[in-house]
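Step one of this worksheet: look at the structure below.
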Amino acid sequence: MKKDNFLKRAFKIAIPVALQAMLQSSFSMVDQLMVGQLGKTAIAAVEVGSKPGFVFTFVSGAVATVTGIMVSQYMGKEDEEKINVSMSVNLCVMMLIAVLTALACFFAPCSLARIFTEDSVVAKTAASYIGIVSFIYPLSGIATILAVQIRCKDHSEYPLYVSAAASVVNTVLNFVLIFGFIGMPAFGVKGAAIASLSSQVVNLALMVFFYVKTCSFKFDLRMNKEEMWQYIVMLMPIVLNELLWTVGQNVNTYIYGHMGTNELAGMSLTGPIQGLLIGALSGLAQAAGILIGKRLGEKEYDKAYSESKQLCLYGFAGAVILSTLLVILRSLYIGLFKVDLDVRGIGGQLLLAFAILAPVKVMNMILGGGIIRSGGRTKYIMIIDMLGTWLVGVPLGLYAGLVLKLPIVWTYFILSQEELFRLVITIFMFRSKKWMNTIT
């Protein structure tokens with residue numbers, strides 16, 4: 001594969017994936033912007049209500065990552081039977097996780113909401129949101145797995161089209177259901193949840209359509225003992241990693257929530273922008289997982305290493321550019337919300353801190369989330385992430401926020417040093433080349 005051909009293939013995957021991730025992030029941004037017109041209590045409620053979905057997104061993303069590792073490497077070997085097995089097994093695992101999440105959210109929404117806030121009004125409002133969006137998880141899980149094989153088939157544009165359509169549905173229904181137009185009552189926060197659920201129904205229907213158009217599938221769970229053990233060794237570290245990482249992030253939300261409603265609302269304003277910026281460069285991590293995985297499946301290790309370095313360079317440059325734009329435009333974004341000046345000030349300071357940290361976050365995403373995992377060595381990333389979260393991030397956050405009672409911007413910046421800790425270790429792992437592995 002020539003260098004220009006590699007870049008063409010990388011960006012053919014990366015650009016649609018990035019646009020899709022940004023569209024998905026726009027769901028929460030639209031929710032926040034529209035709900036933001038209802039005041040800080042509604043904003044905080046949506047922030048709290050989205051936390052179970054935050055956990056599910058990352059755990060389901062772990063299953064999708066393993067699916068991508070397996071499918072891309074088997075495509076490198078042109079083994080259609082094993083591709084079917086990979087898809088079948090991971091679909092079953094995804095559905096198990098999705099159903100368990102949905103049941104927890106449907107039957108215990110109040111208990112989940114009260115974990116993150118002491119404000120009874122915020123908790124009650126968030127509980128209604130959690131109960132409605134509980135139906136999203138099975139729909140989202142299936143669509144996520146189908147999108148993996150579509151991308152591996154070099155059709156990353158189709159999941160982008162699907163997300164664009166779902167985003168339009170979400171935006172229109174948000175406007176109608178939150179505020180009450182064309183004869184509909186104003187549902188407020190509940191309206192945002194109904195709109196999100198409706199958009200995910202459209203998302204799955206269209207994803208199935210494009211999957212049938214581009215991929216063949218035969219349900220097949222036949223794995224021998226060696227293959228099953230290899231799958232478990234890949235899957236469990238990455239699922240455990242994402243689960244414990246998201247639990248750590250929810251501990252951070254616990255810290256912010258117990259610092260006050262203003263602080264929680266200010267942090268929630270930054271979520272959509274963080275999702276957009278990281279989403280804009282997430283395509284490079286997806287491209288790394290697919291293209292480097294295929295290289296490893298073909299046992300072209302030198303090319304895999306050199307192309308990995310190229311992807312890291314592009315990711316870092318992109319992160320610096322986007323961070324600079326965020327610093328310039330952050331006040332304009334914060335001004336879109338009808339909230340107190342204190343909340344606006346907190347949100348603006350947090351966006352500045354995030355802009356400083358973003359290049360490090362992006363490098364971790366591409367190196368750890370894409371390149372090193374492409375070799376199936378998921379236990380390495382699990383160890384690195386767990387050390388960063390539970391040895392650095394969580395202790396520093398609890399101490400800075402609840403013991404020293406520092407302002408939220410300093411608490412956020414201090415606990416985020418876990419990202420720098422991860423990056424240093426991950427670079428050493430990358431340079432050692434121990435992650436290079438052919439699972440097929």
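When 31, 4 are checked against the criterion of being open to solvent by less than 10 Å² (accessible area, probe 1.4 Å), charged (D, E, K, R) and either assigned to a helix (DSSP H, G or I) or at pLDDT 75 or above (or both), 31 stands alone in meeting it.
Exactly one residue among 143, 166, 147 is at pLDDT 85 or above, open to solvent by less than 10 Å² (accessible area, probe 1.4 Å) and touching a Pro at 6+ places or on another chain (Cβ under 6 Å), and that residue is 147. Of all residues being assigned to a loop (DSSP other than H, G, I, E, B) and closer than 27 Å to residue 285 by Cβ in the stretch 146-202, which is nearest to the chain's Cα centre (by Cα)? Just the residue, please. Across the stretch 146-202, the extreme among qualifying residues is 156.
Taken residue by residue, the stretch 116-126 has no member that is open to solvent by 40 Å² or more (accessible area, probe 1.4 Å) and on the phi > 0 side of the Ramachandran plot. Checked against (1) under 18 Å from the mean Cα position of the chain (by Cα); (2) more than 23 Å from residue 379 (Cβ to Cβ); (3) not hydroxyl-bearing (Ser, Thr, Tyr), residue 235 meets all criteria but (2).
Among the helices (runs of 4 or more DSSP H) confined to the stretch 249-351, the ones with at least 1 residues that are open to solvent by 40 Å² or more (accessible area, probe 1.4 Å) and of a type outside the set (Asp, Glu) are located at 261-287, 301-334. Taken over the stretch 69-82, the criterion of being in a helix (DSSP H, G or I), open to solvent by 10 Å² or more (accessible area, probe 1.4 Å) and over 17 Å from residue 228 (Cβ atoms) is satisfied by 75, 76, 80. Against the list (1) touching a residue at least 40 places away in the same chain (Cβ under 8 Å); (2) open to solvent by 40 Å² or more (accessible area, probe 1.4 Å); (3) under 25 Å from residue 292 (Cβ atoms), the condition residue 85 fails is (2).
Based on what the data block shows, is residue 435 of a type in the set (Phe, Trp, Tyr) and open to solvent by less than 10 Å² (accessible area, probe 1.4 Å)? Considered against the rule, which asks whether it is of a type in the set (Phe, Trp, Tyr) and open to solvent by less than 10 Å² (accessible area, probe 1.4 Å), residue 435 comes out as yes.
Mind listing whichever residues of the stretch 204-250 are among the polar types (S, T, N, Q) and free of Cβ contacts under 8 Å to residues at least 40 places away in the same chain? Within the stretch 204-250, just 224 meets the criteria.
The values are calculated or read from the model by the stated rules, or taken from the named source; none is laboratory data. Since we're looking at a predicted model, the values are computed, not measured. Note that we place each Cβ from the backbone using ideal geometry, even for glycine, and neighbour counts take in every protein chain shown. Just so you know, the surface numbers come from the protein's heavy atoms only, side chains and all, with ligands and any DNA or RNA stripped out. Shrake-Rupley method; radii C 1.70, N 1.55, O 1.52, S 1.80 Å.
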